[in-house]
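For reference, the structure is listed below as structure tokens.
The values are calculated or read from the model by the stated rules, or taken from the named source; none is laboratory data. The structure displayed is predicted, hence computed values, not measured ones. Ideal geometry is used to build each Cβ from the backbone, glycine not excepted, and the neighbour counts take in all protein chains shown. These accessible areas exclude ligands, DNA and RNA; they are computed on the full protein's heavy atoms, side chains included. Shrake-Rupley method; radii C 1.70, N 1.55, O 1.52, S 1.80 Å.
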Amino acid sequence: MSQQPLVSIIINNYNKQKYCVQALKSAIFQNYKKIEIIFFDDCSNDSSLKKIDKLKKRFKNKIRIIKNKVRGNIYSFNQMNGIKKSIEKSKGKIICIMDSDDFFKKNKVKEIVNFFYKNPKK
């Protein structure tokens, strides 16, 4: 691959303090290094943001946090809103989306980039 594209990893969060750190770490510690992480928090009322803020201090160049100011009352619309707002802020040529209770295997982003590189018309 001649030039590596920037990959944006969007993580949606709402009250997932139990899992959000694992999700974020799985994005940070990818084998593919040219990434940005956008962590979208949808007005969580647990300690999710406190936990993420600690990691942001350690990896400030990789992580951006978007804090939603108003939460709607329909979960799927809230999730779509978070994805939309995060995509608008992303700079990546490739965008990966995950929820904060998911995690990526260490080589996931690299495999996705390789797939796009080998299949440019798909």
Considering the stretch 88-122, residues that are basic (Lys, Arg) and over 18 Å from Gln30 (Cβ atoms), and then whichever is surrounded by the fewest Cβ atoms within 10 Å (Cβ to Cβ), we arrive at Lys121
Taking the options Lys16, Lys85, Lys67, Lys56, name whichever one is open to solvent by 80 Å² or more (accessible area, probe 1.4 Å) and not acidic (Asp, Glu).
Lys67
Name, by its number, the condition in (1) touching a Lys or Arg at 6+ places or on another chain (Cβ under 7 Å); (2) in contact (Cβ under 8 Å) with a residue 60 or more places away in the chain that does not hold for Ile65.
(2)
What single numbered condition from (1) more than 19 Å from Phe104 (Cβ to Cβ); (2) polar (S, T, N, Q); (3) in contact (Cβ under 8 Å) with a residue 12 or more places away in the chain fails to hold for Asn12?
(1)
If you take the residues of the stretch 20-44 that are surrounded by fewer than 16 Cβ atoms within 10 Å (Cβ to Cβ) and over 20 Å from Asn61 (Cβ atoms), which of them is modelled with the highest pLDDT?
Gln22
